[in-house]
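K.L.:
Sharing a structure with you now.
The values are calculated or read from the model by the stated rules, or taken from the named source; none is laboratory data. The shown structure was predicted, so the numbers you read here are calculated from the model rather than taken from an experiment. Cβ: placed from backbone, ideal geometry, glycine included. Neighbour counts: every protein chain shown. For accessibility, only protein heavy atoms count, side chains too; no ligands or nucleic acids. Shrake-Rupley method; radii C 1.70, N 1.55, O 1.52, S 1.80 Å.
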Amino acid sequence: MPDSGATFFLPRLVGTARAMGLALLAEPLSAERAEQWGLIWKAVDDERLADEALALARLLATGPTKGYGLLKKGLYASAANSLDAQLDLERDLQRERASARTIAKA
């Protein structure tokens, strides 16, 4: 029996048929297939993994951390929100980010 919310999240990510197959058959899932199904963002060859991870870490470390946080908040909330609620949240998060930028410039 899957745990950690797999029965909730997996069907929403890959569809019921794929989730059922993964859970019932327990067949290995390649990184390439996981990428095709949208379970992971990107698959890279083993020999490129360290370089890719370091480049991504550098990019994120030099980016707008407050903006990243607000973006994550919006994306995580979207699954439970209606479109109207999500649009309201986006408006509120954009206002929050704009106010933080205005205060920082002052």
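K.L.:
I'm told A61 meets every condition in (1) within 17 Å of the chain's Cα centre (by Cα); (2) open to solvent by less than 90 Å² (accessible area, probe 1.4 Å) except one. Can you identify the failing condition by its number?
P.N.:
Result: A61 fails condition (1) only.
K.L.:
What's the total number of residues in segment 33-67 that are of a type outside the set (A, V, I, L, M) and more than 28 Å from G15 (Cα to Cα)?
P.N.:
From segment 33-67, those of a type outside the set (A, V, I, L, M) are 33, 35-38, 41-42, 45-48, 51-52, 58, 62-67; that's our starting set.
Now restrict to residues that are more than 28 Å from G15 (Cα to Cα): 46-48, 51-52, 58, 62-67.
Qualifying residue count for the region: 12.
K.L.:
Please indicate, with yes or no, whether at least one residue in segment 11-27 is within 20 Å of the chain's Cα centre (by Cα) and touching a residue at least 40 places away in the same chain (Cβ under 8 Å).
P.N.:
Checking segment 11-27: at least one residue is within 20 Å of the chain's Cα centre (by Cα) and touching a residue at least 40 places away in the same chain (Cβ under 8 Å).
K.L.:
If you don't mind, another one. Would you point out which residue out of L70, L22 is assigned to a helix (DSSP H, G or I), of a type in the set (A, V, I, L, M, F, W, C) and closer than 30 Å to S99 by Cα? First the steps, then the outcome.
P.N.:
Details: L22 fails: closer than 30 Å to S99 by Cα.
Just a single option satisfies the conditions, and that option is L70.
K.L.:
Another question about this same structure. Could you check E96 against (1) under 18 Å from the mean Cα position of the chain (by Cα); (2) touching a residue at least 24 places away in the same chain (Cβ under 8 Å); (3) open to solvent by less than 90 Å² (accessible area, probe 1.4 Å) and say which number it fails?
P.N.:
Every listed condition holds for E96 apart from (1).
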